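Undergrad: First the structure, which I've put down as structure tokens, then a few questions once you've had a look.
The values are calculated or read from the model by the stated rules, or taken from the named source; none is laboratory data. Here the structure is a predicted model, which means the values were calculated and not measured. So basically every Cβ, Gly included, is an ideal-geometry build from the backbone, and we count neighbours across all protein chains shown. These accessible areas exclude ligands, DNA and RNA; they are computed on the full protein's heavy atoms, side chains included. Shrake-Rupley method; radii C 1.70, N 1.55, O 1.52, S 1.80 Å.
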Amino acid sequence: MAMQKFRPVNIKESLPVVKIRELNQGHTDSNSDLCRKDIDESVQINTGDIIFSWSGTLLLDLWAGNEAGLNQHLFKVTSNDYPSWFIYEWTKYYLQEFQLIAKSKATTMGHIKRSNLKESFAIIPDDDELTKLNNLLGPIFDNKIKIRKQNLILRQIKKQLLAKLLN
């Protein structure tokens, strides 16, 4: 969704907007655009959401920043049937292939098409095996999210302390 169409009326009732820049740095900041809070849930992201950029710079990120609005060309990848770690790892598996596809057709800005996504297949284990894998990998994935969030907080504290030290 093009977030410039959803400018906030009140800054207190706004969310920062995640664009490629924020996705690259892993968080929003004071330079991030703002949007209204009442945007559709499908374009609101929170810590732990999987974000995929399919146009320009093809990226996959496990969002560690705070609640935000998701700008156009970025998608929150979700599933009602499979755990997040499963979706994340399969998307990551195909990312290099997607990047090559985009690079091969890049005139100004490379991208992939929906058909490229549809041609990508995942090996789905049976329910018992998926449950076993989820019991093993789910906590590791959750811990990865916590560590990324903690690292973000520590970087912000470091930045504040360095600013005070230099003043």
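Undergrad: Can you work out the FRET efficiency for the pair Arg21 and Leu154, with r the C-beta to C-beta distance and R0 = 25 Å, to the nearest 0.05?
TA: For Arg21 and Leu154, the calculated efficiency is 0.75.
Undergrad: Same structure, new question: What's the center-to-center distance, using Cα atoms, between segment 1-50 and segment 125-142 in Å?
TA: So the separation of the two Cα centres works out to 32 Å.
Undergrad: Something else about it: Computed from the coordinates I sent, Cα extents along the principal axes in Å equals one of [x] 63, 41, 32; [y] 50, 35, 23; [z] 56, 40, 33. Tell me the label.
TA: Derived directly from the coordinates: [z].
Undergrad: Applying 1/(1 + (r/R0)^6) with R0 = 45 Å to the Cβ-Cβ distance of Ser30 and Asp128, what FRET efficiency is obtained, to the nearest 0.05?
TA: So the FRET efficiency works out to roughly 0.35.
Undergrad: Let me ask something additional. Helix 127-166 versus the longest principal axis of the chain: what is the Cα-based angle in degrees, 0 to 90, to the nearest 10?
TA: 20
Undergrad: Just the number, please: carbon plus sulfur as a percent of the accessible area of the chain, 1.4 Å probe, no ligands or DNA/RNA counted.
TA: With neighbouring chains kept in place, the figure for the chain is 52 percent.
Undergrad: Mind checking the angle between helix 84-104 and the chain's longest principal axis? C-alpha axes, 0 to 90 degrees, to the nearest 10.
TA: 90
Undergrad: Now, a different point. Compute the relative contact order of the chain as a whole-number percentage, counting only Cα pairs closer than 8 Å that sit 6 or more residues apart in sequence.
TA: That works out to 20 percent.
Undergrad: Counting only other residues whose beta carbon sits under 12 Å from that of Asn46, what net charge do I get with K and R as +1, D and E as -1?
TA: -1
Undergrad: What whole-number value in Å² describes the accessible area per residue of the chain for a 1.4 Å probe?
TA: In whole numbers, the chain has 66 Å² accessible per residue.
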